[in-house]
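Quick notes on the structure that follows.
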Amino acid sequence: MNSLIINHQSLLSGKKLLLAFSGGIDSSALFHILIDSGLKPDLAIVDYGIREQSKDEVAYAKELAIKYGCVCHDTIAPSFESHFEANARAFRYEYFENLIAEHKYDILLTAHQLNDQLEWLLMRLTKGAGVSELIGLHSVTQRSSYTIVRPLLEYSKNELQEYLESNKYRYFIDESNNDESYERNYFRKYYSNSLVEKYKDGIRRSLKYLKDDIFMLEDRFETVFAYKELRVIKIYDTRLRVKAADLALKELGYLLSSAQREEIEKNANLVIGGLWAIGSSGDKLYIAPYHKIVLPKEFKEKCRLSNIPPLIRGYWYMENLDKITI
């Protein structure tokens, strides 16, 4: 396998690209596929300081940047005392978003692939999830100021490794991937890798069908207003309120648990995780960061007349949105 075709090349052409890089199989393959396609992404790599090898991975990223005329951004993460995966992901994406804002990148590229999609599906399946929650990775995700593109979702890890080895491109194997205390590693080792190896084509088709089903569901609600971390969604079928909330919060970087989805099913107005306010007004669903503040009476009256749900009003006030009509 000497070459792979990059998906969404027309979307990427002429844009300023930032690649989330680790030096592993997936991101190394994506970098070289992009270069082979005539695209030149800058690199962003995070050193978590928990493996000696991570210094070599950062050095490799810098070598690639020099060789191909790209920019390599790197940073060292703080020490996380607990919940390493969640904290590392939050730190990583905050770092990427800061780079995007500072350097005006149009697109963030991530190297998620077919095995990653199946791992996510299996993990969500064991916790209780609907079709929207089972598919966590889409090839294109629009954020407020940039776009996330995942061009490798149709390729398996084995295909990417074959590509690297046939072209004699260097890559690293992260030994922490063998640590089964991380849930994803457990599912990868015992389920997803072997399933993809044996049933790759069928799994690829099934994931496509599931995504098609999600798009059909999403036709029954639409985002009518978005501002920073505020979303206002028009619901055409009230049974899909939970799905609409789940997808909006996922876009904002927050994943709902099964218990939280049940809370949204029962309550039209609530605060999730102490962080996110969800409010309903007529056929509209409002989602925003939760701010508990004392509001001026005049402002509260304006919100009442505009049908802004009470829990949303703190964010509405903080962002000076009282002149907005929805």
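Bear in mind these aren't lab numbers, they're just calculated from the coordinates by the rules spelled out. Please read these numbers as outputs of a predicted model, since none were measured by experiment. All Cβ positions, glycine included, derive from the backbone under ideal geometry; neighbour counts span all protein chains shown.
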Say a site is exposed when it is one of the GluC sites (Glu not before Pro), sits in a DSSP loop, and has at most 13 other Cβ atoms within 10 Å; what is then the longest site-free stretch of the chain? 181-326
In deg cm²/dmol, rounded to 500, what helix-only [θ] at 222 nm does the chain give when every DSSP H run of at least 4 residues adds -39500 (n - 2.57) and the total is split over its residues? -13500 deg cm²/dmol
Mind putting together the pair-distance distribution for the range 10-211? All Cα pairs, 5 Å bins, whole percent per bin, short to long. 1, 7, 14, 19, 21, 19, 13, 6, 1, 0
Only sites in a loop by DSSP and with at most 10 other Cβ atoms within 10 Å count here; which trypsin sites (Lys or Arg not before Pro) in the range 282-321 make the cut? LYS292
Among LEU195, ALA268, ILE66, whose Cα lies farthest out toward the positive end of the dipole of the chain, if unit charges sit on the beta carbon of Lys, Arg (+1) and Asp, Glu (-1)? ALA268
Can you tell me what percent of all Cα-Cα pairs in the range 259-316 are more than 14 Å apart? 53 percent
Extension gain TYR199-VAL271, at 0.36 nm per residue separation less the Cα-Cα distance, in nm? 21.7 nm
If I model a spin label at LYS168 and VAL294 as a point 7 Å from the Cα along the Cα→Cβ vector, what separation in nanometres do I get? 7.3 nm
Could you list the chymotrypsin sites (Phe, Trp or Tyr not before Pro) in the range 105-191 that lie in coil according to DSSP, counting only those with at most 16 other Cβ atoms within 10 Å of their Cβ? TYR169, TYR182
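Using unit Cβ charges (K, R positive; D, E negative) and no other charged atoms, how large, in debye to the nearest 20, is the dipole of the chain about its Cα centre?
Here the chain has a charge dipole of around 1020 debye.
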Stokes-Einstein translational diffusion, the range 121-259 - Kirkwood Rh over all Cα pairs, 1.567 mPa s, 4 °C, in µm²/s: 74 µm²/s
Euclidean distance between Cα centres, the range 57-112 to the range 310-326, Å: 33 Å
Where both partners of a DSSP beta bridge lie in the chain, what percent of those bridges are antiparallel, to the nearest 5? 60 percent
Return one number: the angle in degrees, 0 to 90 and rounded to the nearest 10, between the long axis of the Cα atoms of helix 114-127 and the longest principal axis of the Cα atoms of the chain. 40 degrees
If a paramagnetic tag sat 7 Å from the Cα of THR126 along the Cα-Cβ line, which residues of the range 151-192 would have the backbone N under 19 Å from that point? 176-192
At q = 0.12 Å⁻¹, what is the log10 ratio I(q)/I(0) for the range 208-326, with the Debye formula run over Cα points and no solvent? -0.42
